[in-house]
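The values are calculated or read from the model by the stated rules, or taken from the named source; none is laboratory data. Because the structure is a prediction, the values reported are computed rather than measured. Here Cβ is always computed from backbone atoms with ideal geometry, including for glycine, and neighbour counts include all displayed protein chains.
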């Protein structure tokens, strides 16, 4: 039999061939050379030779005795002494609550297994979740069970008791000086309970100050709104009707900075045949830039000028002469093309187009965008009131430090996360804290701030305390606890404030109810209302009214004209990290191990430089450099990232923590060292020198070769509409297959299948964490990831296409595709992986002997092997595991199961009710989490099932179709909508 | 001697396999001591308390469950409320600490068994657990091996009964068991699965 390729030529790639990394593209495979598997992938664990292992094993067998071979050791069963009325052991319950991010709440549903939270999902009733959950909300589960949480109450380093703390707090709250020495250091929040507490404290102590601190809300957006409208409103773009969107360095598709609703609505407004168009100008490749139709890279200080040029061009097109005073700096040809195209699109789409601006841009650019949006939308902009209290203000922290140094402050309550680590480098908060007699810090870890304050108190996790919060659109949620505090001495941060609000006598629950009783008073029947709010996770009628606000054009133009000119030379550019944000998620192993969607970097950060800048400075990946700015310096490794603006050094924040959780400690470098208060987002005048040494990154994209075949496909919408895609027919038609036929599945049963729409996928990685949480997938650590032993069943591959300087990017979620003719099944010597009658490629852990033949034979490289006992853990680690899924041990192969535990649970429910499984009743974890609904799962035997329709969509294709594996998961080609002028 | 040496490599695994499936290997027919001298003969047989009174979970979820101490105290707050035998129960209730029962029926961690679906499809308690109403100390009577499960999953008819008699320890089919079972299968739409992922996930 001739080889298959002779008869079935591999589909040829049209034009630009995708590439996974610069190194691979240049043909210089980095050492160690990655074969199919990375070098060392099967190396034995260090420190324990094979021989020793065998000896130990032999000893163990002899010692265990004969019946030890088959009889499990005796086990205890501990029933409840008093069973809670709702609980049936083995049946999970779901509770609605919310999680706070940057002051605003996102609704979540938490699955609780006999009182243990085991999974965080989105709340479909919540307008900012719509049923989806981002990677961070889901990973917060691990934070609850973190074994490294702070446990001890300390006073100047020595253990003390909570009663001592509250004694001090009461003494300080009994002061009579009007609160002159009292300061609160908090993060801006929209929570009604917190807001009320601040009000009460300020009413009792008029001279006290509530100091806002946030490393990410530096006040730019806030100030920009004040410039435009005279008051702090928040623009609410109508994503669902977006025909053209221009993003000025706004990463709105990231679930961290953009939320979950904007990506959902934006992508839904983008479906073929009527695609909208996304214009992005940014300094580093973000998820939004990767998704853009027209992307421009520009140094950070250049973006305000591009915004001005855009305004001037738009003024010309719309005949608004006032705008034409802007844009004095000359544009480069690429910039000019982008600006002209974007302005034309905006002008054409009118009130279905808008501009969004990232927090890092100066206030004047925010204001200018509001003005342009108002111009496009007939004079006004859709807004809501900003709910953040206290209002973000970058000058507040330096003022606090000055007060402390002046000896004014005797009591400081800190509930903001780790301000010492996050404070601007020229604000010596750490030293100042030592001068405060009673500085109290309430946090989850013994971190840099805890080491500096006089009192450190362990905080409760958000799943352990009562609270409330509001979403961006105002929708309120009562946040209910799911479990009693796992740390005995933990205190809800609000409790420290309560004493000063004169409310220490009541419990947080009572205060919360008292507050919300007022809201219910109008409709009556508080108890029923309260129960309903808790059950649904939203308080009806709390949405903020959308206002149409007119913009003060004169002050905006004046501010825009006074913007400083763009700088020269190398520029530093700070960004919040996609995984650890400003560092607060650094203690979370799931997020640390999550590959960055763009760089695919795990357990690290790096200085991002563009290929051109790297070659100019003769830098390659892993080189170490020293960056110096105004007398501060930091050493960091370099990562060459395509799509990066030239002469721009992007530094992700949130790494290089020195204290706190051992998971975060020493991972990456601390970019905060170079972040000054007058330059929180970019700075020029940096000096870069090469230093000795080489850094080894744990990058996952170079694992799992796919041998240059057409895997992730994209084309332009216009071409697809006109002639389809030449590559698709070969990837859609059934082909001959090498393997003997499977028994024909029973047509009356289910045929489970999945589709992944690359056109909808933004690469946000929520699915990766969802899969990890649902299926008990361990995090393995940097060393193991470097050996290619990461265990993620679902990975998101990222491919670049075209020009290395500004490539096209495509993200592709990939897990086991459940082949109809599965190559893995034919090679397993012990039948540990077999086909089910419903088409699932089942993995039977208890049969697996670990030959790894299946993984070798898998063309998609989606199987994962437990090289070591990754799932060992303490009692806390056992608590968050999903009891419906086996915890795999060493030597066992595993892979995506299509969440078979959910299929079986739905089957049992349906069969007990004597009915069939309903359409949409089985949702996989990845599908459930996906903010843009890119992943759809269902029964291919049901003609009306969405997945059946997607399997017939003209955009669908089967991965590596020429192999004849007939995957049950199909992908849908991604379409781009470049502008005719530039494309 | 040589003959024995030749037989040994074959005989040893065979013997071990047989041993693993014998009651010695599966742990069947060994009464398990418990921290409280709870006697099913008294409660289930003499007093006629149904299985479901304490093991309601079997009708609703995967786990039949051991009743909470509060269930014991429902009666024993009134009767035998000063019995020395019940001291651990009272202690558990008043200290709000669970009674550490010893597990009798234990499946490996990679096996996911669901009581509710079996109960709703007409598998009697007695079919797997034996005459618990005659046991002074509960013991495992079935081998609980995969072969034993599959035997019924492949041919459930002889083992089924009308769902209203599931908890009846003394029920026996009027007529041939297979005929009754086939009627039950038809009425309850019983179609057991034998795919790996039915039990292994």
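Residue count for the stretch A:86-106 satisfying the condition of being outside any loop (DSSP other than H, G, I, E, B) and either in contact (Cβ under 8 Å) with a residue 40 or more places away in the chain or under 17 Å from residue A:258 (Cα atoms) (or both): 10.
Sort out which residues of the stretch A:579-596 are part of a loop (DSSP other than H, G, I, E, B) and either more than 25 Å from residue A:632 (Cα to Cα) or assigned by TED's automatic domain parsing to the domain that holds residue A:812 (or both), and write them in order of number.
Those that are part of a loop (DSSP other than H, G, I, E, B) and either more than 25 Å from residue A:632 (Cα to Cα) or assigned by TED's automatic domain parsing to the domain that holds residue A:812 (or both): A:579, A:585, A:587, A:588, A:594, A:595, A:596.
Kindly check whether there is at least one residue in the stretch A:838-849 that is crowded, with 20+ Cβ neighbours inside 10 Å and in a helix (DSSP H, G or I). No: zero hits. Looking for something in a helix (DSSP H, G or I) and farther than 26 Å from residue A:863 by Cα - is there at least one such residue anywhere in the stretch A:915-937? For the stretch A:915-937, residues in a helix (DSSP H, G or I) and farther than 26 Å from residue A:863 by Cα: absent. With respect to the stated conditions, residue A:598 fails to be within 17 Å of residue A:21 (Cβ to Cβ), more than 22 Å from the chain's Cα centre (by Cα) and in contact (Cβ under 8 Å) with a residue 24 or more places away in the chain. Among the conditions (1) within 13 Å of chain B (Cβ to nearest Cβ); (2) within 26 Å of residue A:937 (Cβ to Cβ), residue A:864 misses just one, which is (1).
For the condition under 25 Å from residue A:848 (Cβ atoms) and more than 27 Å from the chain's Cα centre (by Cα), residue A:890 qualifies. Collect the residues in the stretch B:180-195 that are in contact with a helix residue (DSSP H, G or I) (Cβ under 9 Å, 6 or more places away or on another chain) and exposed (fewer than 13 other Cβ atoms within 10 Å of the Cβ), keeping them in residue-number order. Within the stretch B:180-195, B:189, B:191, B:194 meet the criteria. For the residues A:364, A:340, A:334, A:347, the requirement of being on the phi < 0 side of the Ramachandran plot, surrounded by 23 or more Cβ atoms within 10 Å (Cβ to Cβ) and in contact (Cβ under 8 Å) with a residue 24 or more places away in the chain singles out A:364. Considering the stretch B:64-87, the residues that are at the interface with chain A (Cβ under 7 Å from one of its Cβ atoms) and either under 22 Å from residue B:30 (Cβ atoms) or assigned to a helix (DSSP H, G or I) (or both) include one that is farthest from the chain's Cα centre (by Cα), namely B:70. Within the option set A:905, A:958, A:925, being at the interface with chain B (Cβ under 10 Å from one of its Cβ atoms), under 21 Å from residue A:816 (Cβ atoms) and either surrounded by 20 or more Cβ atoms within 10 Å (Cβ to Cβ) or touching a strand residue (DSSP E or B) at 6+ places or on another chain (Cβ under 7 Å) (or both) holds for one residue only, A:905.
When A:374, A:416 are screened for being part of a loop (DSSP other than H, G, I, E, B) and either in the same structural domain as residue A:351 (by TED's automatic domain parsing) or closer than 23 Å to residue A:450 by Cα (or both), only A:416 passes. Taken over the stretch B:11-32, the criterion of being more than 16 Å from the chain's Cα centre (by Cα) and more than 10 Å from every other protein chain (Cβ to nearest Cβ) is satisfied by B:11, B:12, B:13, B:14, B:15, B:18.
Here's the yes/no breakdown for (1) in a loop (DSSP other than H, G, I, E, B); (2) in the same structural domain as residue A:434 (by TED's automatic domain parsing):
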site	(1), (2)
A:463	no, yes
A:486	yes, yes
A:495	no, yes
A:500	yes, yes
A:511	no, yes
A:517	no, yes
A:527	no, no
A:533	no, no
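Is at least one residue of the stretch B:88-100 assigned to a helix (DSSP H, G or I) and either facing another protein chain (nearest Cβ under 7 Å) or within 16 Å of the chain's Cα centre (by Cα) (or both)? Yes, some residue in the stretch B:88-100 is assigned to a helix (DSSP H, G or I) and either facing another protein chain (nearest Cβ under 7 Å) or within 16 Å of the chain's Cα centre (by Cα) (or both). Restricting attention to the stretch A:828-853, which residues are within 32 Å of the chain's Cα centre (by Cα) and more than 9 Å from every other protein chain (Cβ to nearest Cβ)? The answer is A:841, and nothing else.
For the stretch A:446-461, taking the residues that are assigned to a loop (DSSP other than H, G, I, E, B) and in contact with a strand residue (DSSP E or B) (Cβ under 9 Å, 6 or more places away or on another chain), the one that is surrounded by the fewest Cβ atoms within 10 Å (Cβ to Cβ) is identified as A:454.
Identify, from the list A:872, A:881, the residue that is within 14 Å of another protein chain (Cβ to nearest Cβ), within 26 Å of residue A:90 (Cβ to Cβ) and outside any helix (DSSP H, G or I).
So the residue among A:872, A:881 that is within 14 Å of another protein chain (Cβ to nearest Cβ), within 26 Å of residue A:90 (Cβ to Cβ) and outside any helix (DSSP H, G or I) is A:881.
For the stretch B:102-156, the candidate set comprises residues that are within 12 Å of chain A (Cβ to nearest Cβ) and in a helix (DSSP H, G or I); within that set, the residue that is surrounded by the fewest Cβ atoms within 10 Å (Cβ to Cβ) is B:146. Candidates A:543, A:548: the one that is in contact (Cβ under 8 Å) with a residue 60 or more places away in the chain and surrounded by 13 or more Cβ atoms within 10 Å (Cβ to Cβ) is A:543. Restricting attention to the stretch B:44-63, the residues that are assigned to a helix (DSSP H, G or I) and at the interface with chain A (Cβ under 8 Å from one of its Cβ atoms) add up to 2. Restricted to the stretch A:769-837, the set of strands (runs of 3 or more DSSP E) holding at least 3 residues that are touching a strand residue (DSSP E or B) at 6+ places or on another chain (Cβ under 7 Å) and within 20 Å of residue A:578 (Cα to Cα) comprises A:795-801, A:808-814. Considering A:943, A:978, the condition of being more than 30 Å from the chain's Cα centre (by Cα), at pLDDT 90 or above and surrounded by fewer than 21 Cβ atoms within 10 Å (Cβ to Cβ) is satisfied by A:943 alone.
Does residue B:95 satisfy the condition of being farther than 25 Å from residue B:131 by Cα and either at pLDDT below 90 or in contact with a strand residue (DSSP E or B) (Cβ under 6 Å, 6 or more places away or on another chain) (or both)? No.
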